[in-house]
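Contents: one structure, followed by commentary.
The values are calculated or read from the model by the stated rules, or taken from the named source; none is laboratory data. Please read these numbers as outputs of a predicted model, since none were measured by experiment. We place every Cβ from the backbone using ideal geometry, glycine too, and count neighbours over all the protein chains shown. Ligands, DNA and RNA are excluded from the accessible area calculation, which covers all protein heavy atoms including side chains. Shrake-Rupley method; radii C 1.70, N 1.55, O 1.52, S 1.80 Å.
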Amino acid sequence: EAQVTQNPRYLITVTGKKLTVTCSQNMNHEYMSWYRQDPGLGLRQIYYSMNVEVTDKGDVPEGYKVSRKEKRNFPLILESPSPNQTSLYFCASSNEEGATQYFGPGTRLLVL
Amino acid sequence: LAKTTQPISMDSYEGQEVNITCSHNNIATNDYITWYQQFPSQGPRFIIQGYKTKVTNEVASLFIPADRKSSTLSLPRVSLSDTAVYYCLLYNFNKFYFGSGTKLNVKP
């Protein structure tokens, strides 16, 4: 089944403790992206990647890192999480620029 | 990337046609318009996209006037299962701006 998977689905952590949210797609898509969703603000793009080793900032990249060492994986890294990064995170992929994005199920993060 | 403005919420009844209008006054020449649907606790799902005039698929129609400063998503004969948040967004290359969306509530 074609899908985007994210792990973990739920995470509670404390301020300053590094964490990684994994994202994997099995559709051989070149383009992948991370979003955060907050009440009243919709989805905001954090980072995106056009292909392996090619990444760029979205609208809200501060406090986040990404890497794209393999085509199928696009992990989101929070080196030193803060409470304002408490949010619902979505990973997405598509097979070309501007094409239909397929979203993962989301990761709900709480930073205490 | 230009931003979009949509109504915060809309109510409708089963069987009615629903039109959701999105404003994007500062749309750029290279921007495309696309709409997504999102149910609670799920990721958004693609509905339809277009550049100008009218686009229709099996679930919706998208109307874009000549000046492209707005667009209207039309959902024919909605059902209770169409209750969701609908996002109008612009995309240009790999950058997407979702905005806050319109919460559609379909009543029996």
Exercise for the section: Take residue B:25, project a point 7 Å from its Cα along the Cβ direction, then tell me which residues of the range B:53-91 have their backbone nitrogen under 19 Å from it. Expected result: B:65-72, B:88-90
Handout entry: Mean separation of Cα contacts under 8 Å, 6 or more apart, over the residue count of the range B:9-107: relative contact order %
Key = 37
Handout entry: Other protein chain Cβ atoms within 10 Å, averaged over every residue that makes up B:95-107
Key = 4
Practice task
Take every DSSP beta bridge whose two residues both sit in the protein assembly as shown, then give the antiparallel share in percent to the nearest 5.
Solution key: 90
Handout entry: Between the range B:24-68 and the range A:1-43, the alpha-carbon center distance in angstrom
Key = 24
Completion exercise
For residue A:38 and residue B:83, extending 7 Å from Cα along the Cα-Cβ vector and measuring point to point gives, in nm, a value of 2.8
Problem - Unit Cα scatterers, Debye sum, the range B:9-107: log10 I(q)/I(0) for q = 0.11, 0.13, 0.23, 0.24 Å⁻¹ - result: -0.30, -0.42, -1.26, -1.35
Practice task
Give me a single rounded figure for B:88-94: the average over its residues of other chain Cβ atoms within 10 Å of their Cβ.
Solution key: 4
Exercise for the section: State, as an integer percentage, the relative contact order of the range B:55-108 based on alpha-carbon contacts under 8 Å between residues 6 or more apart. Expected result: 27
Problem - DSSP-loop trypsin sites (Lys or Arg not before Pro) across the range B:30-62, with at most 15 other Cβ within 10 angstrom - result: B:52
Handout entry: Dipole moment magnitude, nearest 20 debye, chain A about Cα centre, only Lys, Arg, Asp, Glu C-beta charged
Key = 440
Completion exercise
PRE zone check, label point 7 Å out along Cα-to-Cβ of residue A:3, amide N under 19 Å, scope the range A:57-75, hits A:72-75
Exercise for the section: Can you tell me the dipole magnitude for the range B:9-107 around its Cα centre, using point charges on the Cβ only (Lys, Arg +1; Asp, Glu -1), in Debye to the nearest 20? Expected result: 200
Practice task
With +1 on each Lys and Arg Cβ and -1 on each Asp and Glu Cβ, and nothing else charged, work out how big the dipole of the protein assembly as shown is about its Cα centre, in Debye to the nearest 20.
Solution key: 380
Practice task
Please compute the net charge surrounding residue B:80, taking Lys and Arg as +1 and Asp and Glu as -1 over other residues with Cβ under 15 Å from its Cβ.
Solution key: 0
Completion exercise
Scoring chain A by relative contact order with C-alpha pairs under 8 Å, at least six apart, yields a percentage of 36
Fill in the blank from the handout: With every protein chain in place, the accessible area of residue B:21 for a 1.4 Å probe, in Å² rounded to the nearest 10, comes to 70
Handout entry: Residue among B:43, B:62, B:32 farthest towards the positive dipole end of chain B, charges placed on Cβ
Key = B:32
Completion exercise
Label model pair residue B:67, residue A:28: point-to-point distance (7 angstrom along the Cα→beta-carbon line) in nm is 4.6
Practice task
Keeping to pairs on different chains or 8 or more places apart, tell me how many lysine pairs in the protein assembly as shown have Cα atoms under 15 Å apart.
Solution key: 8
Completion exercise
Each residue of A:36-49 has, on average, a number of other protein chain C-beta atoms within 10 Å of its C-beta equal to 4
